[in-house]
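Down below is the structure, laid out as structure tokens.
The values are calculated or read from the model by the stated rules, or taken from the named source; none is laboratory data. Computed from a prediction, not measured in an experiment: that's the story for all the values here. No Cβ is skipped: glycine too gets one built from the backbone with ideal geometry, and neighbour counts run over all protein chains shown. To get the accessible areas, we keep the full protein, side chains included, count just its heavy atoms, and leave off ligands, DNA and RNA. Shrake-Rupley method; radii C 1.70, N 1.55, O 1.52, S 1.80 Å.
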Amino acid sequence: MVDIQCQSAMKECVRDLIIRQADLSPLSHLTLGIFCCGPCSVESIKNGLVYMKYDTPFIFAEVRAGLQVPSWASVVNSDKVYWQRQDDGSFKIVYVEEKAIGTLIVTKAIGSNMREDITYLYKHPEGSDAERKAVETATAHGSKPNVYANRGSAEDVAMQVEAQDAVMGQDLMVSVMLTNHSSSRRTVKLHLYLSVTFYTGVTGTIFKETKKEVELAPGALDRVTMPVAYKEYRPHLVDQGAMLLNVSGHVKESGQVLAKQHTFRLRTPDLSLTLLGAAVVGQECEVQIVFKNPLPVTLTNVVFRLEGSGLQRPKILNVGDIGGNETVTLRQTFVPVRPGPRQLIASLDSPQLSQVHGVIQVDVAPAPGARGFFSDAGGDSHLGEIIPMASRGGA
């Protein structure tokens, strides 16, 4: 989602809301038969005024609930509402998970590559009276205005999902922490199941699950773990290596329903780029790229890509196969054509591993006695060049 904010006057906005507008893309939303989105007052989004034009309900859900959830759950602002189908076909709210969505909204900072937190523009502080009022205001104008009317049984058992730093190619561990805040013993039945998920939010088949029953003494806490081996998740990995952990359960004594979803990505290694010498316009410069295969299997048909504005036209490097846990080193030359701060970007792709990138800041000095920039017109982009490895090393 791209946030484009502009300042202008909207006849449809009341006077105290003429502050800032939001135009969001991609333009995948139909408004009056046209694919567009906005403009919409940011203050309307922040205060849950979903009846304001244009597309405030859609944008409210995007910035406050930018997450795909299964059919048995829905999202409202920062809350996730879990529903259960009854015997008569109707649905009943069984759990409301607050502060689950929209915890951080960021954009690229002006003049740097740092992230800038703009959550405060779209949301009041989590848990504040103003934030709760915004949620309730938006809900009151939605299709289910009474979503907060009945909250079910008392909630005296808290549940928190913990996931270690998951690395591609290694075994991982997911765990659920249970805390009994009551003065009585509680028996909790839990069901954990793990599946891969696409970047669109569509989930794959469940490939790992476990069921546990936990006895909690008054004021006690306990942890339920589920180890997942690399060989278990490897055949199911898709695009960005994202996974979805679903946890459901109930407390036997009180009837409290527990539900939680946790999405995480398997971290891929970075490419290490090192500049070998000074960068000067019109003069050849060399860069070294180092990569270690994190997988115990061979990467086949490995392709490196190298490019940088004012530094190097897109260049494809075919390096063949890289063995399991093997370290390889590449060296490539380029000729800067523009002075000033630049970025050289490299990426790696193979059928077994993708989403591997590396970047280095290159400060290019102007050519001695030259003005303007050096022309690289007609330069060869070296597409499809077969590059031998400078060196190979084991783990």
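Taken over the range 251-273, the criterion of being β-branched (Val, Ile, Thr) and open to solvent by 60 Å² or more (accessible area, probe 1.4 Å) is satisfied by Thr263 alone.
Quick check on my filter: what residues within the range 221-241 are open to solvent by 50 Å² or more (accessible area, probe 1.4 Å) and either free of Cβ contacts under 8 Å to residues at least 24 places away in the same chain or under 23 Å from Thr268 (Cβ atoms) (or both)? Can you show your working first?
Initial filter on the range 221-241 (open to solvent by 50 Å² or more (accessible area, probe 1.4 Å)): 221-223, 225, 227, 231-232, 234-237, 239-240.
If the condition is that a residue be open to solvent by 50 Å² or more (accessible area, probe 1.4 Å) and either free of Cβ contacts under 8 Å to residues at least 24 places away in the same chain or under 23 Å from Thr268 (Cβ atoms) (or both), then Pro227, Lys231, Glu232, Arg234, Pro235, His236, Leu237, Asp239, Gln240 are the ones that fit.
Taking the range 316-329 as the region of interest, how many residues are open to solvent by 10 Å² or more (accessible area, probe 1.4 Å) and part of a strand (DSSP E or B)? If you could, list the steps in order and put the result at the bottom.
Of the range 316-329, the ones open to solvent by 10 Å² or more (accessible area, probe 1.4 Å) are 316, 318-321, 323-327, 329.
Now narrow it down to the ones that are part of a strand (DSSP E or B): 316, 318-321, 327, 329.
Within the range 316-329, residues that are open to solvent by 10 Å² or more (accessible area, probe 1.4 Å) and part of a strand (DSSP E or B) number 7.
For every residue, the table says whether it meets (1) of a type in the set (Ser, Thr, Tyr); (2) out of contact with any Ser or Thr (no Cβ under 9 Å at 6 or more places or on another chain).
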{"site": "Asn180", "(1), (2)": "no, yes"}
{"site": "Arg185", "(1), (2)": "no, yes"}
{"site": "Tyr193", "(1), (2)": "yes, no"}
{"site": "Phe198", "(1), (2)": "no, yes"}
{"site": "Val202", "(1), (2)": "no, yes"}
{"site": "Ile206", "(1), (2)": "no, no"}
{"site": "Lys211", "(1), (2)": "no, yes"}
{"site": "Glu215", "(1), (2)": "no, no"}
{"site": "Gly219", "(1), (2)": "no, no"}
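Summed over the range 283-301, residues that are hydrophobic (A, V, I, L, M, F, W, C) and open to solvent by 40 Å² or more (accessible area, probe 1.4 Å) total 1.
So which residues in the range 120-131 are surrounded by fewer than 18 Cβ atoms within 10 Å (Cβ to Cβ) and either part of a helix (DSSP H, G or I) or touching a residue at least 24 places away in the same chain (Cβ under 8 Å) (or both), if there are any at all? Within the range 120-131, Tyr120, Glu126, Gly127, Asp129, Ala130 qualify.
Residues to consider are Gln332, Gln355; find the one that is modelled with pLDDT under 95, open to solvent by 60 Å² or more (accessible area, probe 1.4 Å), over 13 Å from Lys292 (Cα atoms) and not charged (D, E, K, R).
Criteria check complete, one pass: Gln355.
Residues in the range 85-119 that are open to solvent by 80 Å² or more (accessible area, probe 1.4 Å), of a type in the set (A, V, I, L, M, F, W, C) and either farther than 30 Å from Leu258 by Cβ or in a loop (DSSP other than H, G, I, E, B) (or both): Leu104, Ile110, Met114.
Considering only the range 214-280, give the strands (runs of 3 or more DSSP E) lying wholly within it that have at least 1 residues that are at pLDDT 90 or above and within 30 Å of Pro341 (Cβ to Cβ). Spell out the reasoning first.
On the way: elements: 221-228, 242-251, 257-265, 272-276.
Output list reads 272-276.
When Gly310 is tested against (1) surrounded by fewer than 16 Cβ atoms within 10 Å (Cβ to Cβ); (2) on the phi > 0 side of the Ramachandran plot, exactly one condition is not met: (1).
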